[in-house]
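A quick write-up on the structure given underneath.
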Amino acid sequence: KSSMMFALAGPDDEEEPQETLAHRFCAFAMKTLNEDMDPLFQRFLPMFDQDHRELVQQGETHEQYAAYREYVGNLEEHVSDFALQEGFSPGDGGSFLLELQKAIEDDKARAEKQVQAFLMHMEQQRRMKLGPEAPPMEEGEKELMKSLFRPQTVEDMMQMLLHMTEYTAFSSLMRAKVKQQKFMRELERRKKELLEGEMGLAHRFIRFAMKLLNDDLHEFYTKCMHIFDQEVENLQQQGHTHAQYAAFQEYSSIIERRLLEFCQEEGFGQDAQALFNELSRLIEKDQEEVAAQLRRVLADVEAKKEQLRTRATEGDSEKPLVLICKPSGLSDLMNSLIQQLEYQNFSASMRFRVEQDRMMKTILGSFDVAQDAAEPPPGDLQVVDVEIDETRIPSGPPEIGAMSVTVPEGCEAGSQMNVSVADGQQISVTVPGGLSPGMSFEVPCARGYAGGYAPKAPS
């Protein structure tokens, strides 16, 4: 059972606040508006599918207002059912509202008490820092603190719910739902066009390959990671092992088997060559479209540059700088996928997974040690003066982050390189597949990375 608790007990309260009628009513109202009344909203959507110009010229319609009256009536029925569940007699709405108002006032008072306790604590901390003679906080500062740290109350939620019973709020809600529905339909239409249109085969193949490599093979990657858990020195001295190559053979056979299944689903039977011939045709066509798109962009840029030149003053010798990004094409995605079928890239990818897993275990292990060392103080918290031996303070657990590493000259996909981290130590990482000198990739590490890399000779 979920509850909605807003104001929490202050430091002087003897017990936590209990769930009240007001809390239960807010939870009921949110569920009613977000779930129970959704079929009613769906039925009303066509009535509010009105374009902005028509709304401005003609205004709201009688049909829309009738929908609002039905909405309010439906809300009233739900509220009556809630009152019955809470033990109030039919027709005894007055007692229900009085009890609800009392619960709201109690929650509001509890929130105000919490705010006052917070301000008193802030004042105590201020005097401890500035001295007992320090002047008290100004009223403006207190009001700012109240607005920033005031906890949400049931009254806030009730105001929002009452706002939803107004016609303007109902109309805005329905028009927002109409826009959302149109947006989702347009997304579905584009997705269908993408997957079932002329270029659909290529997009379906990319979706199939990405799912295979990133999701379906996850269990295989996990099973084989220990095979690639090899120190850099061992790899340089002994090279790749038979077990590693056998893992690649299994990896290739899985992909080949799944590829033949994709061929059959697409109507090519067992003829993978026919599939690739058709994919090649689509890729070539896509390249032509990308090139045409790029030419149009360049033409637009030249026109804009000419406009900027004409607007420039005579003494302005600076040329406008315009950045152009080449649009991605199917060939770029296909080349990236094909590279994953090479042993060197597969090996580099597996070693990167090993390093990533090792780094995460190290970082999470640091958190566990820090949590084990921390013991909660018994009893109430007190402010006391103590002398601290800074040499015995354990360092806090590192935050999880990532550092960017640039592939240096002489290294390529699969190369091993050492990276210096903040504490002066070095970790060994493998250049992922598909990268070349000058390109960057991220390595998980503790925040505070301080230094560059020391590449080893490519293996």
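On the given criteria, is HIS240 assigned to a helix (DSSP H, G or I) and open to solvent by 30 Å² or more (accessible area, probe 1.4 Å)? Taking the combined requirement at face value, the residue does not satisfy it. The residues on offer are LYS177, LYS182, and the sole one that is within 26 Å of PRO46 (Cα to Cα), of a type outside the set (Asp, Glu) and in contact with a Phe, Trp or Tyr (Cβ under 8 Å, 6 or more places away or on another chain) is LYS177.
Only one of (1) out of contact with any Pro (no Cβ under 9 Å at 6 or more places or on another chain); (2) more than 19 Å from ASN34 (Cα to Cα) is not met by ARG126, so which one is it? With respect to (1) out of contact with any Pro (no Cβ under 9 Å at 6 or more places or on another chain); (2) more than 19 Å from ASN34 (Cα to Cα), ARG126 is out only on (1).
Does any residue of the stretch 355-369 turn out to be outside any helix (DSSP H, G or I), open to solvent by 60 Å² or more (accessible area, probe 1.4 Å) and modelled with pLDDT of 50 or more?
Looking only at the stretch 355-369, we keep the residues that are outside any helix (DSSP H, G or I), and these are none.
No, the conditions are met nowhere in the stretch 355-369.
From the list LEU55, LEU119, the lone residue that is within 24 Å of LEU173 (Cα to Cα), in contact with a Lys or Arg (Cβ under 9 Å, 6 or more places away or on another chain), open to solvent by less than 80 Å² (accessible area, probe 1.4 Å) and free of Cβ contacts under 8 Å to residues at least 40 places away in the same chain is LEU55.
The single condition among (1) at pLDDT 60 or above; (2) at negative phi; (3) open to solvent by less than 100 Å² (accessible area, probe 1.4 Å) that PRO398 does not satisfy is (1). Here ALA83 passes the criteria (1) in contact with a Phe, Trp or Tyr (Cβ under 8 Å, 6 or more places away or on another chain); (2) open to solvent by 80 Å² or more (accessible area, probe 1.4 Å) except the one numbered (2). For the stretch 117-137, state whether one or more residues are more than 25 Å from the chain's Cα centre (by Cα) and under 25 Å from PHE48 (Cβ atoms). No; the residues of the stretch 117-137 include none that is more than 25 Å from the chain's Cα centre (by Cα) and under 25 Å from PHE48 (Cβ atoms).
Restricting LEU279, LEU173, LEU235 to residues that are hydrophobic (A, V, I, L, M, F, W, C), part of a helix (DSSP H, G or I), within 29 Å of MET334 (Cα to Cα) and open to solvent by less than 80 Å² (accessible area, probe 1.4 Å) narrows the list to LEU279. Is at least one residue of the stretch 152-163 surrounded by 14 or more Cβ atoms within 10 Å (Cβ to Cβ), outside any helix (DSSP H, G or I) and β-branched (Val, Ile, Thr)? There is at least one residue in the stretch 152-163 that is surrounded by 14 or more Cβ atoms within 10 Å (Cβ to Cβ), outside any helix (DSSP H, G or I) and β-branched (Val, Ile, Thr).
Among residues belonging to the stretch 131-145 that are touching a helix residue (DSSP H, G or I) at 6+ places or on another chain (Cβ under 9 Å) and not in a loop (DSSP other than H, G, I, E, B), point out the one that is most open to solvent (accessible area, probe 1.4 Å). Looking at residues that are touching a helix residue (DSSP H, G or I) at 6+ places or on another chain (Cβ under 9 Å) and not in a loop (DSSP other than H, G, I, E, B), I get LYS142.
Being of a type outside the set (Lys, Arg) and closer than 30 Å to VAL56 by Cβ narrows it down to one of PHE220, PHE170, so name that one. After applying the criteria, what remains is PHE170. Of everything in the stretch 243-266 that is in contact (Cβ under 8 Å) with a residue 60 or more places away in the chain and closer than 17 Å to ALA209 by Cβ, the residue that is surrounded by the most Cβ atoms within 10 Å (Cβ to Cβ) is TYR251.
Looking at the stretch 131-156, which of its residues are out of contact with any His (no Cβ under 9 Å at 6 or more places or on another chain) and either among the polar types (S, T, N, Q) or touching a residue at least 40 places away in the same chain (Cβ under 8 Å) (or both)?
The answer is SER147, PRO151, GLN152, THR153, GLU155, ASP156.
Residues in the stretch 221-232 that are part of a loop (DSSP other than H, G, I, E, B) and within 33 Å of the chain's Cα centre (by Cα): ASP229 alone.
Do the conditions hold for LEU195, that is, is it open to solvent by 90 Å² or more (accessible area, probe 1.4 Å), assigned to a helix (DSSP H, G or I) and over 30 Å from SER428 (Cβ atoms)? I'd like the intermediate steps shown before the answer.
On the way: open to solvent by 90 Å² or more (accessible area, probe 1.4 Å): no; assigned to a helix (DSSP H, G or I): yes; over 30 Å from SER428 (Cβ atoms): yes.
The answer is no for LEU195.
Among the residues making up the stretch 24-52, a single one is open to solvent by 70 Å² or more (accessible area, probe 1.4 Å), in a loop (DSSP other than H, G, I, E, B) and at pLDDT below 90: ASP51.
The values are calculated or read from the model by the stated rules, or taken from the named source; none is laboratory data. Please read all numbers here as calculations on a predicted model, not as lab measurements. So basically every Cβ, Gly included, is an ideal-geometry build from the backbone, and we count neighbours across all protein chains shown. Ligands, DNA and RNA are stripped out before the accessible areas are found, and what is left, the full protein with its side chains, is counted by its heavy atoms. Shrake-Rupley method; radii C 1.70, N 1.55, O 1.52, S 1.80 Å.
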